[in-house]
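Got a structure here, written out as structure tokens. Questions coming.
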Amino acid sequence: MNINLMDIVGRVSHQCDIMFRVIDIGEKHGKKIAILYGEDFRLIADAPYEDLIKIDPSMRMRLTKEFRSLEEQSYSYSGRM
């Protein structure tokens with residue numbers, strides 16, 4: 001799979017728990033790495049290129065919906081204490 005700058009990706013090793021935008025691709029210690037910027041969180045990370053999977057629009061919608069649902073649940077539980 002070919003991943004390019006500005007693609008939306010997930011990290012396979014983290015079960016695609018956070019969506020990232022690829023902002024740079026480089027090399028470190030002879031391995032290809034990507035610099036990632038969080039789509040929903042203010043977060044910058046790096047990851048091995050081979051750990052990334054491109055997120056297509058339908059998967060992105062599904063992951064966003066799941067995230068919003070979990071977010072809403074956390075707000076409703078916080079008021080019950």
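Enumerate the pairs (first residue in segment 49-77 and within 29 Å of Ile25 (Cα to Cα); second residue anywhere and β-branched (Val, Ile, Thr) and assigned to a helix (DSSP H, G or I)) with beta-carbon separation below 9 Å, excluding pairs fewer than 6 apart on the same chain, so at least 6 apart or on different chains.
Glu50/Val12; Asp51/Val12; Leu52/Val12; Ile53/Val12
List the pairs whose first member sits in segment 26-43 and is surrounded by 11 or more Cβ atoms within 10 Å (Cβ to Cβ), whose second member is outside any loop (DSSP other than H, G, I, E, B) and hydroxyl-bearing (Ser, Thr, Tyr), and whose Cβ atoms are under 8 Å apart, counting only residues at least 6 apart or on separate chains?
Close Cβ pairs satisfying both conditions: Lys32/Tyr49; Ile33/Tyr49; Ala34/Tyr49; Asp40/Thr64; Leu43/Tyr37.
Taken together, the values in this text are just the output of simple stated rules run on the coordinates, not laboratory data. Keep in mind it's a predicted model, so treat the numbers as computed, not measured. Note that each Cβ is placed from the backbone with ideal geometry, even for glycine, and that neighbours are counted across all protein chains shown.
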